[in-house]
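Colleague: First the structure, which I've put down as structure tokens, then a few questions once you've had a look.
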Amino acid sequence: MDTLIDMARKARSNAYIPYSKFAVGAALLAKSGRIYTGANIENASYGLTICAERTAIVKAVSEGEREFEAIAIAADTKAPVLPCGACLQVMAEFHIDRVILGNLTEEKEVSLSDLLPHNFTL
Ligand code: THU
């Protein structure tokens, strides 16, 4: 059976990346047991690009999920890829505390608080 990081690696195949050619995949495990995958979706207006992590989170939340176990992220990088700051803030909103970072061959688990010790709240 595929692990969460395997699913993130496979999700890269659906990345829409005509500009950067840099494919990112994510796989988000909800407490319901369902897994939501995502890939990055770019736009000619570059700032409208949606990262893989946020694609997966928005898919899950829009299906009614609110509680999560972990998210895995993968890209073809030398060291396991790190999420951008915007994605970390969105992970913080939904308390996605376990973050599995990967490249094509390695993985390592960190906690969201390692990556984002303080986040914006209202
Ligand atoms: N990207 C992600 O999908 N996730 C991140 O956390 C960082 C960056 C994407 C956005 C863009 O399509 C490409 O990587 C290069 O920045």
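None of the figures in this text is laboratory data; all of them are computed from the coordinates on show. This one's a predicted model, so the numbers in the text were calculated from it and none came from an experiment. Virtual Cβ from ideal backbone geometry, glycine too; neighbours counted across all protein chains shown.
Colleague: Let me know the Rg and Dmax you get for the chain when you use only its Cα atoms, in Å.
Modeller: 13.3, 41
Colleague: Grab the eigenvalues of the alpha-carbon gyration tensor for the range 21-70, scale each by 5, take roots, and send me the semi-axes largest first in whole angstrom.
Modeller: 23, 11, 6
Colleague: Separate question: Given axes a ≥ b ≥ c from the Cα gyration tensor, I'd like to know whether the range 75-122 is rounded (a/c under 1.5), prolate (a/b larger than b/c) or oblate.
Modeller: It is prolate, given that a/c is not under 1.5 and a/b is the larger ratio.
Colleague: With an 8 Å cut-off on Cα pairs and a minimum separation of 6 or more residues, tell me the relative contact order of the chain in percent.
Modeller: Worked out over the chain, it gives 22 percent.
Colleague: Using label points projected 7 Å from each Cα along Cα→Cβ, tell me how many nm separate TYR19 and HIS95, to one decimal.
Modeller: 3.5 nm
Colleague: Among GLU53, GLU42, GLU106, determine the one that fluctuates most according to a GNM of the chain built with springs between C-alpha atoms less than 10 Å apart.
Modeller: GLU106
Colleague: Any idea how far apart SER62 and ASP6 come out in nm if each label point goes 7 Å out from Cα toward Cβ?
Modeller: Output for this residue pair reads 2.8 nm.
Colleague: If you don't mind, another one. For the range 113-120, take each phi angle, set θ = phi - 60°, evaluate the Karplus expression 6.51 cos²θ - 1.76 cosθ + 1.60, and give the result in whole Hz per residue in order, putting x for glycine and proline.
Modeller: 5, 5, 7, 9, x, 9, 10, 5
Colleague: Here's a follow-up. Using amide H atoms built in the peptide plane, which far-off residues or other-chain residues are under 5 Å from ASN40 H to H?
Modeller: When sequence neighbours closer than 5 places are left aside, the close amide H contacts are TYR16, VAL24, ALA52.
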